[in-house]
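Following: one structure in structure tokens, then a few remarks.
The values are calculated or read from the model by the stated rules, or taken from the named source; none is laboratory data. Note that the coordinates shown come from a computational prediction; the quantities given were computed from them, not determined experimentally. Methodologically, a virtual Cβ is constructed for each residue, glycine included, from the backbone with ideal geometry; neighbour enumeration extends over all protein chains shown.
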Amino acid sequence: MLSISPFRLAAGLACFACLALAVGRPAIAASPASQTDRLISADSVEFLQAQCIDCHDGPDGEGGFDIHSVSPDLTNAASLERWVVIHDRVQSGVMPPPEDVELDPETVRDFTEPLRDRLRTYQLNQQRQEGRVRGRRLSNEQLSRTLQDLLRVELPLDGLMPPEQRVGGYVHLASAQSMSHFQLNTHLRVVDAALDAAFAKTLQPASEWTLDMPPEKIANKPKGRRNRDPEMRKGLAVIWSSGMIFYGRISSTRVPEDGWYEITLTASGLKPPQDHGIWCSVRSGECNSGAPLLSWIGSFEAEAEPQTMTYQAWLPKGHMLEVRPADRTLKQGRFQGGQVGFGEGEDQDLPGVAMHSLKMKRIYPGGDRKESRERLLGTLPLRYNRTLQRSEVNVEKFTEKRDRNELRAAITRFADLAFRRPVDAASIESILQLAEAERQSGATFIEALRAGYRAVLCSPRFLYLTEFADESGRLDDWAIASRLSYFLTGSMPDEELRAAADQGLLRREGELRRQTDRLLQTRRGQRFLVDFSDQWLDLIDIDFTEPDRRLFRDFDPSVQAAMLAETHHFLQRLLDEDRPVRELVGADYTYLNSRLARYYGLTESEADIADLNDQMKLVRVDPASPRGGLLSHGSILKVTAAGNDTSPVLRGIWVSERILGIEIPSPPENVPAVEPDIRGAKTIRELLAKHQADASCAACHQNIDPPGFALENFDAGGRWRDRYMQKRGNAYKAGADVDPSFAMPDGATFDSFVAFRGLIAERDERLAANLASHFTTYATGQTIQFADRDRIEEIVANTRDDEFGFRSLLDEVIHSDLFLSK
């Protein structure tokens, strides 16, 4: 690690002083809103007084709503939000309650249309003055990827950063971001780690590391030794099925340094069940009691015939591989003393995995050493210092002037890339002076260069997205390039996209579509739907709960990995083939492997599962089957459950907000939560009936309850059930029948999940508007405001001829003013 002088540390911290200035403010000229535009009209206030006073007069008003607390001044953010809710509830007919006051359509229109115009006018004027999207910084993942791509290093940096706040599922909303002293210090630590890795990769000699192990090298259990490594059996390295922690570790695979490694394993199954192979996991870790956590690498189904699998994984120094049967439905061996001796599994007639060969090698997916050197040092001459055992810039023939000019030129070139737009020396003069001062104080050329790079990476112009716009609010090409790249790849623009921005091509006909096609095929872009669905669908929370093994005996890491793969493959098909958005919920297909199909309990009469193996495949399902569409995916059902139990409220809110685009407000403070009845005396339907009978609760529950009850046939682990399970002592027994029937807000009724799914799939325009809204939120870091609704409707209308295609909606969002304007 290169040393950091106190001067450089102080300078780095000083660079953060201007973070609070929020870079990227729009260069937009607009006159402030008039006094009239900022106030709700007297007619609207009078309507509220006349229609709502009976139920909402004072602090004890129904639902905690007091009309006297609603200010007509829209500059108050809380008042603006309340007037939007009032508009929506009156327009939808929820308020005033129809059973109390039935307003004729003309009265509703006379109230909502002027109010809508006032709200929209105020917000549009506000957007013209300040920009729709405020200054936002890179999220943890975006920062990590940007440093990796900028410096050509592979070091995962997310773990060095504090957890991020998620608002509406998203971690990079400008309104939710903050910057504390703790985060500033963390950023410095992350920058230093990235720079250390980059300079080490560039200057230190290359160290190639490979392993090529036959079975006798994989196994580490001679007769008389008891440990948790594989044993030799008939010339192969074998691990038997067992629940013992770390059994299956391969001590000889311990890696000498942090890095990415390619793992090639050839294996077969031993003593498999009659109807399927042996599902095995590949994980990594230190594999000892002081470091019990293991990192997931992959899974495979071991058959009688050997097969070869290849994985790529980041392995910290000291980690080793663990390969073992991981199917909890298999018979598991019992071993005494926490260790396994040679032949002890054989006598128990256990299934096992036999390893024929194992190869490992160090790889550099972010770029080789030559690419890193070009990125950090350009064409600077190098020489090898045998004393320090690393390369250094050869300054022997440098004059003092050349030394200074080379230093300034390298930092300016680096800043141009880091700031994602052109820079000149004058704009970073303070950074250049810092590096020169380091050089003059006796630092080597590399140390002074690193000080300058560190200052660049501590600048708000790097950490924040600098989005400049003209007077009309149109983003310049560099801002468009960054917005497009961070939307689709989660990282900085690559060379080709940056070149298009430099040439001013991004607003030319067809160029954004071409760049979108290209970016989606890049290494980063192929993860677009994984990244997007992690936040949109809350899949990032899938590890938040661990199902009770007594209730979910078949659930294991291989099942969970397959659940995520099912959703990712499903969404990828929608994107690649521009499938109609109604297939999000109404598809007659899904993606399965043999393990997930078995976990779901699917039969060949329900789905074409005859030829499934350990690879995810497109599977057609019977239209009468509950499988097919997002709402039946195990990943969705797990993240929307409450641990070992389900909740119609949690799932109903999730479907409303994530799929149907219906925002559900927080419940009033004076409404108690629904507590589950663990004795089974009352069903959840009976417990929620009280809420439905309350007018202030019914406004939300009319949207929450239909999807919530429709999904009750799926348990917390994503399996189908016809009866609830009740806990009695330490055991679970079948309880009451599941009743999924309910009525939609418009009066349409359903008696099964399949019928509900059909009703939702028909509302493809609503599904399209929701997807467009989530694309826009994810792309811009700003939720959809009241004034944005017309533009979302325009995006949706432009895709009508394509049956609201998934890819068509993505392209329309990218070409919209919402995306291309500040």
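Miscellaneous remarks
- Residue match in the stretch 341-354 (condition: modelled with pLDDT under 90 and not assigned by TED's automatic domain parsing to the domain that holds Leu315): no
- Helices (runs of 4 or more DSSP H) fully within the stretch 709-822 that include at least 3 residues being closer than 18 Å to Ile636 by Cβ: 753-761, 764-780.
- Among residues of the stretch 548-564, those that are out of contact with any Ser or Thr (no Cβ under 9 Å at 6 or more places or on another chain), surrounded by fewer than 21 Cβ atoms within 10 Å (Cβ to Cβ) and within 21 Å of Arg283 (Cα to Cα), counted: 1
- Pairs where the first residue, in the stretch 141-156, is within 9 Å of Gly490 (Cβ to Cβ) and the second is hydroxyl-bearing (Ser, Thr, Tyr), C-beta under 7 Å, 6+ apart: Gln142/Tyr486; Gln142/Ser491; Arg145/Ser491; Thr146/Ser491
- Single match in Ala443, Ala455 (criterion: of a type outside the set (Lys, Arg) and touching a Cys at 6+ places or on another chain (Cβ under 7 Å)): Ala455
- Residue within the stretch 478-485 that is more than 25 Å from Arg807 (Cβ to Cβ) and touching a residue at least 12 places away in the same chain (Cβ under 8 Å) present: yes
- Checked against (1) of a type in the set (Asp, Glu); (2) not in a helix (DSSP H, G or I); (3) not assigned by TED's automatic domain parsing to the domain that holds Gly318, Asp196 passes all but condition (2).
- Qualifying residue in the stretch 588-611 (condition: touching a residue at least 40 places away in the same chain (Cβ under 8 Å) and over 16 Å from Met563 (Cα atoms)): yes
- Residues located in the stretch 56-91, provided they are farther than 22 Å from Glu663 by Cβ, assigned to a loop (DSSP other than H, G, I, E, B) and at pLDDT 70 or above: Pro72, Thr75
- When the stretch 374-391 is filtered for residues that are in a strand (DSSP E or B) and either surrounded by fewer than 17 Cβ atoms within 10 Å (Cβ to Cβ) or hydrophobic (A, V, I, L, M, F, W, C) (or both), the ones remaining, listed by number, are Leu382, Arg383, Tyr384, Asn385, Arg390.
- Qualifying residue in the stretch 269-292 (condition: exposed (fewer than 15 other Cβ atoms within 10 Å of the Cβ) and touching a helix residue (DSSP H, G or I) at 6+ places or on another chain (Cβ under 9 Å)): yes
- Flag if Asp470 is in contact with a helix residue (DSSP H, G or I) (Cβ under 9 Å, 6 or more places away or on another chain), surrounded by fewer than 20 Cβ atoms within 10 Å (Cβ to Cβ) and touching a residue at least 12 places away in the same chain (Cβ under 8 Å): no
- Identity of the residue in the stretch 703-729, out of contact with any strand residue (DSSP E or B) (no Cβ under 9 Å at 6 or more places or on another chain) and in contact (Cβ under 8 Å) with a residue 12 or more places away in the chain, that ends up surrounded by the fewest Cβ atoms within 10 Å (Cβ to Cβ): Arg719
- Here Arg807, Arg766 are screened, and the one residue that is surrounded by fewer than 22 Cβ atoms within 10 Å (Cβ to Cβ), within 24 Å of the chain's Cα centre (by Cα), touching a residue at least 24 places away in the same chain (Cβ under 8 Å) and within 25 Å of Pro706 (Cα to Cα) is Arg766.
- Looking across the stretch 136-164 at every residue that is basic (Lys, Arg) and touching a helix residue (DSSP H, G or I) at 6+ places or on another chain (Cβ under 6 Å), the one that is nearest to Ala193 (Cα to Cα) is identified as Arg152.
- Criterion violated by Pro292 - all others in (1) more than 30 Å from Gln148 (Cα to Cα); (2) at pLDDT below 95 satisfied: (1)
- Test: residue in the stretch 360-373 that is polar (S, T, N, Q) and crowded, with 20+ Cβ neighbours inside 10 Å: yes
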